[in-house]
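Beneath this line is the structure, given in structure tokens, with notes to follow.
Just so you know, all these numbers are worked out from the coordinates, no wet-lab data involved. All figures in this text were calculated on a predicted structure; none of them were measured in a lab. Cβ coordinates were reconstructed from backbone atoms using ideal geometry, including for glycine residues, and neighbour counts include every protein chain displayed.
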Amino acid sequence: MSQLEQHLARWRQAGLLDADTAARIRAFEASRPSAAGSWLARLALGAGGLMAAAGILLFVAANWGGLSPAGRSVLLFGSLTLLHLAAFGASERLPHLATTLHAIGTAALGAVIFLLGQTYSLHASWAHGFLLWALGGWAGWLLLRQWPQLLFAAVLTPVWVMAEWVDRYPLIEPVAPVGALALTAVAYLVAEHGTEAPVPRRTLAILGAVTVIPLAAMLFVMDWNRRAVVPPSGDAAVISLVLFGLPLVAGTLLRPRGAWHMAVAALWVGLLTFGSDRPALFDHFWAALGGVLLALSGVLDASPRRISVGFAGFALAVLAFYFGSVMDRFGRATSLLVGGVAFLVLGALLERLRRRLVARATEQAA
């Protein structure tokens with residue numbers, strides 16, 4: 001059942017619509033242009049935007065060596081200004097094109113910062129370049145309220161934090177900032193609840209869904225190598241705790257009613273970040289538990305995306321457990337055959353359960 005049919009059924013049960021009005025609504029929605037064309041146009045604009053940005057960078061790189069420092073500045077700032085002026089000019093008639101041009105402009109801002117940094121010695125601290133780029137993304141979001149600027153800001157701010165850590169503490173493994181990044185990804189996921197969240201919250205949720213599993217995997221890998229590196233102490237330990245607390249506060253502000261989601265996530269990530277000397281079997285259990293908790297959070301919050309990410313994390317944890325702790329105990333052929341059959345059955349059962357939970361969450365959100 002489509003979302004439209006779910007809404008119509010709910011409104012008819014509430015006595016807000018009769019059968020004739022519902023039929024007219026269906027006819028009106030059916031007469032509207034298909035969304036496929038809109039997605040095709042957005043795909044073309046996205047591909048064109050990437051190609052245009054790459055072309056600008058190649059043009060600047062080809063002429064970079066023959067320009068004076070003043071000429072380089074004029075070329076870069078001129079390109080940046082023209083992109084945003086063209087976007088403002090197209091905003092009324094072609095809003096999608098305007099959004100694409102503004103996004104190219106935000107990407108070009110990074111090129112401006114780092115290319116000029118080669119001229120004016122910004123390479124002494126590249127982390128400052130990421131900070132300036134992130135500030136540009138936040139400024140663009142405040143002025144334009146478009147999702148690409150929010151995406152740039154949400155990505156570049158954690159990147160700046162990681163760059164600052166590596167710059168200040170090159171001998172200390174960045175377990176704390178990676179843990180903070182993983183908790184930030186959870187905060188992005190928790191920002192979306194239901195199936196009809198606003199575009200900014202959907203943007204953050206998609207970013208969190210893409211990054212949370214790789215960041216959690218990095219924490220497990222770093223823990224296995226932690227004995228070979230210098231542990232944080234002194235001001236580094238204090239900064240580690242501060243970095244860990246910031247995404248916890250941000251997630252609570254994004255979703256005040258879901259603060260307990262962030263508290264549970266903080267406990268899960270905190271054990272990986274600050275704990276040590278754990279047996280491998282416990283790590284496999286902890287990874288699977290993280291997937292289960294994330295899926296449960298999605299069920300309680302009517303978030304299909306969180307349910308799917310949680311199931312993916314659980315499946316990967318089981319897969320890692322089999323290849324890391326079980327497969328070596330059998331022969332190569334036996335382990336592959338048994339593992340293949342087991343994962344086919346397990347995958348089918350998990351997918352069936354996931355679909356049921358997603359359908360239930362969709363009905364609750366409707």
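Quick one: Met262, Met222, Met51, fewest Cβ neighbours within 10 Å first, how do they rank?
By the 10 Å Cβ count, ascending: Met51, Met222, Met262.
Would you calculate a helix-derived [θ] at 222 nm for the chain, using -39,500 (n - 2.57) for each DSSP H run of n ≥ 4 and dividing by the full residue count, to the nearest 500?
It lands at -27500 deg cm²/dmol.
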- Task: State, to one decimal in nm, how far the label point of Asp18 lies from the label point of Leu296, with both points 7 Å from Cα in the Cβ direction.
- Result: 4.9
- Item | Largest to smallest principal axis extent of the C-alpha atoms in segment 183-366, angstrom | 52, 51, 21
- Message: As an exercise, use a Förster radius of 51 Å and the Cβ-Cβ distance of Glu5 and Val345 to find the FRET efficiency, rounded to the nearest 0.05.
- Response: 0.90
- For segment 64-168, evaluate the Debye formula with one uniform point scatterer on each Cα (no solvent term) and list log10 I(q)/I(0) at q = 0.22 Å⁻¹, rounded to two decimals. -1.12
- Item | Segments 82-89, 334-341 sorted - mean Cβ within 10 Å per residue, highest first | 82-89, 334-341
- Which length gain, in nm to one decimal place, applies between Ala54 and Ser125 when the Cα-Cα distance is subtracted from 0.36 nm times their residue separation? 23.1 nm
- Hey, with R₀ at 45 Å, roughly what FRET efficiency would Leu116 and Leu319 work out to, going by the Cβ-Cβ distance, to 0.05? 0.45
- Message: Please rank Ile104, Ile25, fewest neighbouring Cβ atoms within 10 Å first, as an exposure proxy.
- Response: Ile25, Ile104
- Please report the relative contact order for segment 39-193, taking Cα pairs under 8 Å with a sequence separation of at least 6, and give it as a percent rounded to a whole number. 16
- Item | Contact order relative to length of segment 183-366, as percent, for alpha carbon pairs under 8 angstrom and 6 or more apart | 25
